[in-house]
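Computed from the coordinates by the stated procedures, all read-outs in this text should not be read as laboratory data. None of the values given here were measured: they were computed from a predicted structure. Here the Cβ positions follow ideal geometry from the backbone for every residue, glycine too, while neighbour counts run over all protein chains shown.
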Amino acid sequence: MNAALGTAGIVLAFVASLSGMVTVAHGLVRRRRNQATLMVPYAVLGLAGAVLAFAAMERALIQRDFTIRFVAEHGSHKTPLLFEITALWSGLQGSILLWGLVLAGYIAVIVWRFRDRRSDPLLGWAVVTMFAVATFFFGLMLGPANPFVRFSPPLGFDGQGPNPLLQNHPLMAFHPPLLYLGYVGFTVPFAFAIGALVTGRVGEGWLVATRRWTLFAWGFLTAGIVLGAWWSYEVLGWAGYWAWDPVENASFLPWLTGTAYLHSVMIQERRGMLRVWNLSLLCATFSLTILGTFLTRSGVIQSVHAFSEGSIGPLLLGFFAVIVLVSVGLIGWRGDRLRSPGRIDSPLSREGAFLLNNVLFAAFAFVVLLGTVFPLIVEALQDRRVSVGPQYFNRMSMPIGFVLLFLMAIAPVLPWRKASGELLSQRLLWPAWAAVAVVAVAAAVGARGFVPFIAFALGGFAGGAALRQVVLATRRQGWRGLVGRANGGMIVHLGVVLIAVGMAASSAYLRDSEFSLAPGQSATLGDHTVTYLGLQTVERSEKRSYVAAVQIDGGPIYEPSINLFRSTGQSVGEPSVRSSWKDDVYLTLEQQLPGDDGVAVIRVIVQPLVVWLWIGGALMALGTVLAAFPGRRRRRPTDPVSAPADAPPASDRGRVPAEVAG
Amino acid sequence: MTMTSSPGPTGAVAKSRRLDPDRVAALEEERDHLARSLGDLEAEYAAGDLAPEDFAALRDDYVVRTAAVLRALEAQRELRGGATRAPLSRRLALVVGVVVFAVGTGVLVARLAGTRTSTEGLTGDVRGSVRQELAGCLELAGAALRGSADGAAAGAGSDELLQAVKCYSGVLEAAPNNPEALTYRGWLLVRTGNTTLQEQAAQDLDAAVTADPTYPDARAFRAIVFFRLGQFEAAQAELDVLDTLETPPIIGSLLQQFGVREGVAAALAGEATPPATG
């Protein structure tokens, strides 16, 4: 029943997407506008199919319907309901199904949102592009990524459930869907970019139409990445949040190009410049989401030869190649129309800073991409298995990150077109004092080391600049000073600063030690004393847990544990963390059973300012939401940050050219 | 035939001296529409649906509008021609900069890349706990021992065995008294069949028993080693301790595979010992 319903849903979504693509494209080519407006029923049918397939799979998982192979492989009677539901995205086929559902949802929302422009060819080609992407993914579900393949379970069969690491924390319920909302969300601006290229309307109109969609996709991706880091910290037991592993890199790459785009698009909106660059960034961002899916879902991570054993790897790689070729071809075709009449007047201007920011983000993306695919290239060419360690990524990303922090301080105070030294020194006074204050506080609390101090100083500088903008805006506009792209963007900057400072402090001043402790015995690490109180065994349906009771600094009791999952026999450590604004005390139980003397091995890791990472992530999400709200329309260049350095007096402001006023 | 009113094309161009691709696209659409309408008009005239004077008036109107659109398009093309391109020297500097950066990054990644073991990922690093590293080592050891067993002779699959030994040595650097790491490093060294490594193997197994006398795996491996060396009393002592512990079934199977219990019992009873297998 579930398999039949699910398969019917996928077939419906596939046929609707394919028919929608062909019908709308035919209508656009033949200039039959009524045909192009048929996008609505196809979008609705596609969404209905995707919802049906998704619901059927969830129902099968909840019912433990082992006649479906995916459920047999990822479900279990022993798995709690929440993780049985989230098991859908713990395997390849379920992930593709989630991708399809999110994409179908985006298509339906776009068609509804732009219902008044259904006969607009640009929208039509954008929807055709989205239908094409949906056709590919639903096609995968009918082929190599079919989630509803049948299975004949032997009598009394019970599955193994999802990987134990994926059923150890509720964050698993949120992190992948948010990541997918981000990944798939970039299909929308990409589709509009293709629409603009096909119709030749590569001006600024489509940018404005998709601005908020890009922001939402970026916001979801950011939230997904931060929650992924949090999950890694809370579950994996290594007290880290970022390891530069290929899966993390796959999500970080589109984030980098997406972030570059969010900045450079402002130059195009204000000055009409960087059209090719912006289109390239959008196409690159979408391509990188597909490349990331290929990297994480094709088996290529295990071995470069593994991906060719299944058909999904070559298909994803082929789709990636098609996207790149189509994008490059269209940009080349419209190259003449994409040439900008303007140029950057001075490097010391808002657009100059944004351009440098873009160069750095692009370089960062190149560094991460090269590091990620380098082992694959070497293995393919020389059949040698190599690994690129964190040293490469850290060595390359640190200087780029520092310059980006510096630009985060400078760019918001720079006016468009050009700036004078006097203006800069006046506007950078507060941020400079903020940098000095942060460094002084760090030195006073005993922080040492050149690199962390650079990070603190630049963090203070950038944070001061962002805070200055927020204060000025709220003074001028009241609560409206917190909303709108520029103001919300400053909140995002504050979040980035908190994350940068948190990363610098937690990695530079980490203390890590293992202690063999008998019950009642204490150990000291840094300023903290941990006392081991004893160990108990807790039986649950899906696992047996060995739970240690550990008191930190004579306060509350924390319980790191080792969980032995019955279905797989795999044991997974579950850390316990005491978080405070100052530092985290991270506990893991290293030895499963104490000996006769009751000794247990407890690993204690003390890291300062880790909680700032999560606060920074929340601020970034909040800033994104605020940026999506429409801010005050700027009719005149009254905002000091947008006025040219040599702005005329207030009485003459009405005569400032439109392109300067933005 | 459809008739649509069009915005004044020339006026729009006059408003702004910037190239406007949206405007160009709209003008091209208008031009195509007017051309199609002219075609339709002629077809209708040929079919006798229009009087000659109406046809002339309508055609003149279309021609005038088409001419205006074409002029507006030409004006846009002139603006496009005025679009500036960066000087050659700047473009060359950009290309050189990109190439230098790409090559530099490539050299750095090649220099910092290292050999990947089967427990490592393509990129990055997780600062693993001893427990996680042990789990990775156990996976390696399992594969190596299976390879060794498949190869029938001791020493087969020795590369894998040594890789697993290296993995446990890494764990022992962080936790020198870890009984699991000591036990399995010792056992893997035994399984290499390399005589020069047997002393180290015995030391590891002794250290493992000292670190945790209740660890059944260490007792079982020592029993096998003593049995194979003909030290039957020592082997029996290990088996006696093992019988008091909660022994995983796999350890029982291993002892059976090597014929340890029967062999030791026979030897101690003064019977001929069956040859050790496994």
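Per-structure values
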item: Protection proxy ranking, peptides B:106-115, A:169-178, average beta carbon neighbours within 10 Å, highest first; result: A:169-178, B:106-115
item: Cα-based reach from A:Lys543 at 19 Å (exclusive), listing aspartates and glutamates while leaving out same-chain residues under 8 positions away; result: A:Glu73, A:Glu84, A:Asp158, A:Glu234, A:Glu559, A:Glu574, A:Glu590
item: Sorted peptide list for A:601-614, A:514-527, B:246-259, criterion being average Cβ within 10 angstrom, highest first; result: A:601-614, A:514-527, B:246-259
item: Net charge, B:Arg65 excluded, C-beta distance under 12 Å - Lys, Arg +1, Asp, Glu -1; result: 0
item: Per-residue [θ]222 nm for chain A (sum of -39500 (n - 2.57) over DSSP H runs n ≥ 4, rounded to 500); result: -20000 deg cm²/dmol
item: Residue mean of other protein chain beta carbons inside 10 Å, A:244-252; result: 3
item: Listed peptides A:280-292, B:54-66, A:4-16, A:412-424 by packing density, highest first (mean Cβ within 10 Å); result: A:280-292, A:4-16, A:412-424, B:54-66
item: R0 of 30 Å, Cβ-Cβ distance A:Arg544-B:Gln198: FRET efficiency to nearest 0.05; result: 0.20
item: Using θ = phi - 60° and Karplus 6.51 cos²θ - 1.76 cosθ + 1.60, couplings along region B:209-220 (whole Hz; Gly, Pro as x); result: 5, 5, 5, 8, x, 9, 7, x, 4, 5, 4, 5
item: Radius 13 Å from Cβ of A:Leu279, net charge of other residues (Lys, Arg +1; Asp, Glu -1); result: +4
item: Cα→Cβ-extended label distance, 7 Å offset, between A:Thr37 and A:Trp581, nm; result: 5.9
item: ³J(HN,Hα) computed for each position of region A:536-546 - Karplus, 6.51 cos²θ - 1.76 cosθ + 1.60, integer Hz, glycine/proline x; result: 10, 9, 10, 9, 10, 4, 9, 7, 10, 10, 9
item: For residues of A:388-401, the mean tally of beta carbons on other chains within 10 Å; result: 4
item: Residues A:Ser232, A:Ser541, sorted so that the one with the fewest Cβ neighbours within 10 Å comes first; result: A:Ser541, A:Ser232
item: Total formal charge among the other residues, if their Cβ is under 10 angstrom from that of A:Thr37, Lys/Arg +1 and Asp/Glu -1; result: +4
item: For region A:274-291, Karplus couplings with θ = phi - 60° (6.51, -1.76, 1.60), whole Hz, Gly/Pro x; result: 6, 5, 4, 4, 5, 5, 5, 5, 5, 5, 5, 4, 5, 4, 5, 5, 6, 4
item: Sequence-distant aspartates and glutamates (8 or more away, or on other chains) whose Cα lies within less than 16 Å of B:Lys166; result: B:Glu120, B:Glu133, B:Glu139, B:Glu180, B:Asp204
item: Simple Cβ-charge dipole of the protein assembly as shown, Lys/Arg +1 and Asp/Glu -1, about Cα centre, in debye nearest 20; result: 4860
item: Sorted by Cβ density within 10 Å, fewest first, the residues A:Val359, B:Val100; result: B:Val100, A:Val359
item: Interchain or long-range residues, amide H under 5 Å from A:Gly573's placed H; result: A:Asn563
item: Amide H contacts of A:Val149 (H built 1.01 Å from N, under 5 Å, at least 5 apart or other chain); result: A:Arg69, A:Phe70
